[in-house]
Amino acid sequence: MLVWWTRHAPGAPDEAPALARRAVAHVRGVDPADVVVGRRCPTCGSTAHGAPMTTGAHVSITRGTGVVAVAVSAVGPVGIDLEQRRDELWPGFDDLALAPGEHVATTDERLRAWVRKEAVLKASGLGLTVDPRSVVLRDGQVVDAPHGIGGCELHDVDPPGHLGAVAVPVGAVVAVREVTP
Ligand SMILES: CC(C)(COP(=O)(O)OP(=O)(O)OC[C@H]1O[C@@H](n2cnc3c(N)ncnc32)[C@H](O)[C@@H]1OP(=O)(O)O)[C@@H](O)C(=O)NCCC(=O)NCCS
């Protein structure tokens with residue numbers, strides 16, 4: 001499976017749709033022009049928002065600050081999330097994001113926990129309709145989660161200035177690459 005990320009200038013057109021099509025096409029061995037990446041919301045059924053869907057592969061999309069990343073697998077569901085590194089987070093982050101017993105000491109550790117949980121929830125297709133506190137991490141992997149979520153492995157993906165994570169099928173080989181727009 002692959003993770004492709006690319007830089008984009010502030011105010012430039014959104015690179016995510018084209019990057020997702022290119023990455024899916026690469027995995028499937030087809031022309032990007034033949035790839036359609038749609039959406040489906042698990043809550044309301046809308047095809048205007050929600051988890052990205054395509055034929056012949058699983059795909060996930062995230063946007064950072066000046067960075068876009070996609071994960072694509074032919075094997076099983078994937079989820080990717082990026083957060084820009086920063087000096088501090090909002091007060092109350094731990095209460096909203098962490099399960100009892102999850103201990104973090106620094107802002108980077110908090111962001112890392114967040115992107116890991118969001119990657120897992122994106123791989124499930126449910127996103128933040130599921131309480132991130134219900135996804136329990138230990139040593140960088142999921143040890144407990146509701147609704148059968150969490151049968152995946154987590155890997156770090158850190159484009160410049162960001163902390164990120166990708167949730168992939170267990171045993172999948174992850175190839176991370178910067179690509180040009
Ligand atoms: C989207 C969400 C996963 C977090 O996104 P974020 O960190 O702000 O932004 P990111 O850039 O990392 O990710 C955005 C991408 O996540 C993907 N995404 C959206 N919902 C998703 C879901 N349920 N599962 C997996 N991926 C999802 C989309 O590809 C979206 O990109 P798009 O705007 O091009 O469609 C989170 O806000 C969420 O789950 N929202 C949906 C809540 C919901 O379903 N409400 C009910 C509506 S009826």
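So the values come out like this:
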item	result
Which numbered condition Gly171 misses (of (1) part of a helix (DSSP H, G or I); (2) at positive phi)	(1)
Residue that is surrounded by fewer than 23 Cβ atoms within 10 Å (Cβ to Cβ), touching a Pro at 6+ places or on another chain (Cβ under 6 Å) and in a loop (DSSP other than H, G, I, E, B), where the choices are Gly101, Gly76	Gly76
Conditions (1) farther than 25 Å from Asp144 by Cα; (2) within 9 Å of the ligand (Cβ to nearest atom); (3) open to solvent by 70 Å² or more (accessible area, probe 1.4 Å); number of the one not met by Val68	(3)
Selection from region 90-135 of residues that are under 16 Å from Ile61 (Cβ atoms) and β-branched (Val, Ile, Thr)	Val115, Val120
Count of region 128-148 residues which are closer than 17 Å to Pro169 by Cα and open to solvent by less than 60 Å² (accessible area, probe 1.4 Å)	5
Residue count for region 2-19, restricted to those that are open to solvent by 40 Å² or more (accessible area, probe 1.4 Å) and assigned to a strand (DSSP E or B)	1
Selected residue (criterion: farthest from Ser73 (Cα to Cα)) from residues of region 122-136 that are more than 6 Å from the ligand (Cβ to nearest atom) and without any contact (Cβ under 8 Å) to a residue 24 or more places away in the chain	Asp131
Test for Arg86: is it in a loop (DSSP other than H, G, I, E, B) and loosely packed, with under 14 Cβ neighbours inside 10 Å	yes
Positions within region 110-137 being in a helix (DSSP H, G or I) and either among the acidic types (Asp, Glu) or closer than 16 Å to Ala51 by Cα (or both), in sequence order	Lys117, Glu118, Ala119, Val120, Leu121, Lys122, Ala123, Ser124, Gly127, Leu128, Thr129
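The values are calculated or read from the model by the stated rules, or taken from the named source; none is laboratory data. Since the model is a prediction, treat every value here as computed from it, not as a measurement. Glycine gets a Cβ as well: all are built from the backbone with ideal geometry, and neighbour counts include every protein chain shown. We work out accessible area using only protein heavy atoms, side chains counted, and drop any ligands, DNA or RNA first. Shrake-Rupley method; radii C 1.70, N 1.55, O 1.52, S 1.80 Å.
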